[in-house]
1. Would you work out the relative contact order for segment 75-142, in percent, from Cα pairs under 8 angstrom that are 6 or more residues apart?
2. Kindly put SER63, SER207 in sequence by how many other C-beta atoms sit within 10 Å of each C-beta, fewest to most.
3. If each residue's Cβ is checked for other Cβ atoms within 10 Å, how do TRP103, TRP66, TRP131 rank with the fewest at the top?
4. Using only the Cα atoms of segment 110-171, what do you get for the radius of gyration and for Dmax, in Å?
5. Given points 7 Å out from each Cα along the Cα-Cβ axis, report the GLU184 to MET215 separation in nanometres with one decimal.
6. How big is Rg to Rh over segment 153-222, alpha-carbon atoms, Rh as the Kirkwood inverse-mean-distance radius?
7. Starting with the highest mean, order 143-155, 68-80, 185-197 by the number of other Cβ atoms within 10 Å, averaged over the residues of each peptide.
8. Can you tell me, using C-alpha contacts under 8 Å and at least 6 residues apart, the relative contact order of segment 104-251 as a whole percent?
Amino acid sequence: MIAATSPADKLSSAFEHQMPTSPDELKSAPTTASGSDPGELARQRLAGMFWEQSQIAQIFYRSVIWLGHRLSSVGISPDALTYASLAFAALSGAAATTGFFGWAALAVLLSGVCDLLDGVVARVTNQTSSWGALLDSTVDRFGDALPMLGIAVFYVDSGRIAFIVPLLAMLGMFSLSYTRARAESLGAKLPPLFMRRAERFFLLVASLLLGIIEMDTAIAAPLLFGGIVIIGTLSYAATIETLRRAHQSLV
């Protein structure tokens with residue numbers, strides 16, 4: 001008689017090996033269901049980003065791929081990770097509202113990791129679908145909005161401009177995502193451009209961490225406010241650049 005294996009046993013087995021943390025260890029990381037090398041997948045993911053050649057970024061993405069394999073082996077579904085990403089984004093917004101910027105940054109980071117993992121698990125388990133892609137894109141927009149809404153609420157008492165700036169930054173992020181998606185749906189061939197979602201996450205996490213620094217200024221958490229201004233400005237600039245590249249491709 002074969003003894004039943006509990007979920008806890010499966011989870012323990014899946015994580016019995018230490019996560020790879022060096023290039024040599026990552027060479028032995030499992031490949032995807034299609035046999036693709038994790039390093040190649042990481043390079044594809046980083047293509048066009050300013051940290052494309054970063055060894056740390058390579059290790060991070062390959063570790064995410066490794067973790068995705070482990071999660072799929074214990075039966076965690078892509079949709080569960082997508083919903084987890086949404087939950088962490090909501091927690092980030094709530095933490096930012098009350099000024100707990102360190103916790104907000106951690107929640108944004110966890111939301112981004114879950115967003116990466118859902119795609120990895122979907123490919124590993126051959127569960128990619130149009131519904132999954134739609135759900136992921138929809139949750140991504142909430143993932144962009146919720147932290148910014150929390151930051152906007154935090155700045156309510158700092159004046160109208162301080163309240164509006166995070167909302168304008170959020171609008172810039174939405175316009176960038178929509179413009180690129182719409183251009184590609186019309187057949188535009190766009191190269192990897194700046195201010196992709198991973199870069200926005202990085203800037204948002206950095207801005208939230210800077211918000212921890214207390215300064216005696218008219219606006220609360222001025223370094224966070226400055227970071228939000230940068231995110232918004234770069235998002236609008238990237239939208240304009242996307243339109244320019246789309247025009248070259250379509251006309």
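1. 44 percent
2. SER63, SER207
3. In order of increasing Cβ crowding within 10 Å: TRP131, TRP103, TRP66.
4. Considering segment 110-171 through its Cα atoms, Rg and Dmax are 15.9, 50 Å.
5. It is 3.6 nm.
6. 1.11
7. 143-155, 68-80, 185-197
8. So the answer I get is 29 percent.
None of the figures in this text is laboratory data; all of them are computed from the coordinates on show. On a predicted model such as this, the values are computed, not experimentally measured, just so you know. We place every Cβ from the backbone using ideal geometry, glycine too, and count neighbours over all the protein chains shown.
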